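J.: Just passing along the structure, written as structure tokens.
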Amino acid sequence: KNEVEQSPQNLTAQEGEFITINCSYSVGISALHWLQQHPGGGIVSLFMLSSGKKKHGRLIATINIQEKHSSLHITASHPRDSAVYICAVSRHGGSQGNLIFGKGTKLSVKP
Amino acid sequence: NAGVTQTPKFQVLKTGQSMTLQCAQDMNHEYMSWYRQDPGMGLRLIHYSVGAGITDQGEVPNGYNVSRSTTEDFPLRLLSAAPSQTSVYFCASSYVVGGGSLYEQYFGPGTRLTVT
């Protein structure tokens, strides 16, 4: 079983819809990261969370440490949000600064 | 700041050839890592470094060597390329946020390698 699981694997939405991507993990962590990867592009860090909730523009990330679960929400989705969203965790007590990744959620937002 | 830079962007090798993927960062980050990304799989750690002169193996180190002679540079060497090493390679650097155990990650643009 993968240590970091994301759902769904693929997601298609209409412009303006509210989107939720989920991430569950099975190890103790010091932080959880949400990353964005555009087609053929590099990887950008969106959020780093150790507890609670963070918001940046139309993006909101939450984490429940007890349930080992995190969600990434996109409000008022736009075609430019189309990308692969990757959940990754820093294992508690693990190699400093290194991550365990989920397989990603491919989001396509249609106009 | 240029951030994390990688060269080349694309490379085609024949089986058995060797080459070095370059990675540099200008943010004075202590921690650097190499990952590979394959279809249907999450990124996997190849090698990492916690500072100049210190390197260690990650999840998939076989067939790769690294060195860290300076804080800025962290090259990845393929000793004898194999088709199984066809992948997209990402270099990343990170630093500790707030003196705790949270590491902010910065990724390079990636190198797409094909081994025939």
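The values are calculated or read from the model by the stated rules, or taken from the named source; none is laboratory data. All values derive from a computational prediction rather than experimental measurement. FYI the Cβ positions are ideal-geometry reconstructions off the backbone, even for glycines, and counts take in every protein chain you see. Surface areas here come from the heavy atoms of the whole protein model, side chains and all, with no ligands, DNA or RNA. Shrake-Rupley method; radii C 1.70, N 1.55, O 1.52, S 1.80 Å.
J.: Reachable aspartates and glutamates from A:K110, Cα under 17 Å, same-chain residues fewer than 8 places away excluded?
T.: Correct list for A:K110: A:E15, A:E17, A:D81.
J.: I've got another one for you. Inside 10 Å of the C-beta atoms of A:39-47, what's the mean count of C-beta atoms belonging to other chains?
T.: Mean shielding count: 4.
J.: Given a 1.4 Å probe and heavy atoms of the protein chains only, how would you sort A:E15, A:E67, largest accessible area at the top?
T.: Descending order: A:E67, A:E15.
J.: Using packing as a proxy for protection, rank B:77-86, A:30-39 so that the peptide with the highest average count of other Cβ atoms within 10 Å comes first.
T.: With the highest mean Cβ count within 10 Å placed first, the list reads A:30-39, B:77-86.
J.: Going by Cα centres, region A:23-88 and region B:39-67 are how many Å apart?
T.: When both Cα centres are located, 24 Å separates them.
J.: Separate question: Work out the charge dipole of region B:4-116 with +1 on the Cβ of Lys and Arg and -1 on the Cβ of Asp and Glu about the Cα centre, then indicate which of B:S84, B:V97, B:G108 is farthest towards its positive end.
T.: B:S84
J.: A follow-up question, please. Which lysines have a Cα less than 28 Å from the Cα of A:K103, not counting those fewer than 8 places away in the same chain?
T.: Of all the lysines, those that pass the test against A:K103 - Cα under 28 Å, at least 8 places apart if same chain - are A:K1, A:K53, A:K54, A:K55, A:K68, B:K9.
J.: Given C-alpha coordinates of the protein assembly as shown, what is the ratio Rg to Rh with the Kirkwood estimate of Rh?
T.: Rg/Rh: 0.97.
J.: Using only protein heavy atoms and a 1.4 angstrom probe, determine the accessible area buried between B and A, summed over both sides, in Å² to the nearest 100.
T.: Summed over both sides, the interface buries about 1800 Å².
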